[in-house]
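Here is the structure we will look at.
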Amino acid sequence: MSRHGQATLSTADARGQLSDILNRAAFGKERVVVSRRGKPLAAVVPLEDIETLEALEDTLDAAEIRKRLLEWEAAGKPGIPLEEVAIRLGVKL
């Protein structure tokens, strides 16, 4: 067992324990890192971890968009209405 409820298994060990690894992640909320030749390769994590990561990414993306919009407006660049962008790109709204 490694840090924060995280285990590390080799690919050979993981191959024979897939069902157990999935249960550990799904029901035990454990993170299992699979390694090859001693180097981390992939991880099996609880679905809640992925949902949290995606929510964090969405928050960071929204903050970056707001920042760039403010920079755009501060530079005095005109906005383009969504409808016009759609027309230029041939996209139907």
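Do any residues in segment 39-56 that are closer than 11 Å to Leu9 by Cβ and in contact (Cβ under 8 Å) with a residue 60 or more places away in the chain have Cβ atoms under 7 Å from those of residues that are surrounded by 12 or more Cβ atoms within 10 Å (Cβ to Cβ) and of a type in the set (D, E, K, R), where the two are at least six apart or on different chains, and which pairs are they?
none
Against the definition (more than 28 Å from Thr11 (Cβ to Cβ) and more than 29 Å from the chain's Cα centre (by Cα)), how does Lys67 come out, yes or no?
Numbers: more than 28 Å from Thr11 (Cβ to Cβ): yes; more than 29 Å from the chain's Cα centre (by Cα): no.
Against the criterion (more than 28 Å from Thr11 (Cβ to Cβ) and more than 29 Å from the chain's Cα centre (by Cα)), Lys67 does not qualify.
Pick from Arg31, Arg24, Arg36: which is in contact with an Asp or Glu (Cβ under 6 Å, 6 or more places away or on another chain) and surrounded by 12 or more Cβ atoms within 10 Å (Cβ to Cβ)?
Going through Arg31, Arg24, Arg36 in turn, just one is in contact with an Asp or Glu (Cβ under 6 Å, 6 or more places away or on another chain) and surrounded by 12 or more Cβ atoms within 10 Å (Cβ to Cβ): Arg24.
Please go through segment 43-57 and give me each residue that is of a type in the set (A, V, I, L, M) and loosely packed, with under 12 Cβ neighbours inside 10 Å, ordered by number. Spell out the reasoning first.
Within segment 43-57, the subset of a type in the set (A, V, I, L, M) is 43-45, 47, 50, 53, 55-56.
Across segment 43-57, the qualifying residues are Leu47, Ile50, Leu53, Ala55, Leu56.
Since every read-out is calculated from the coordinates, none of them should be taken as a lab result. The structure presented is a predicted model; accordingly, all values stated were derived computationally and were not measured. In this analysis, Cβ positions are derived from the backbone assuming ideal geometry, glycine residues included, and neighbour counts consider all displayed protein chains.
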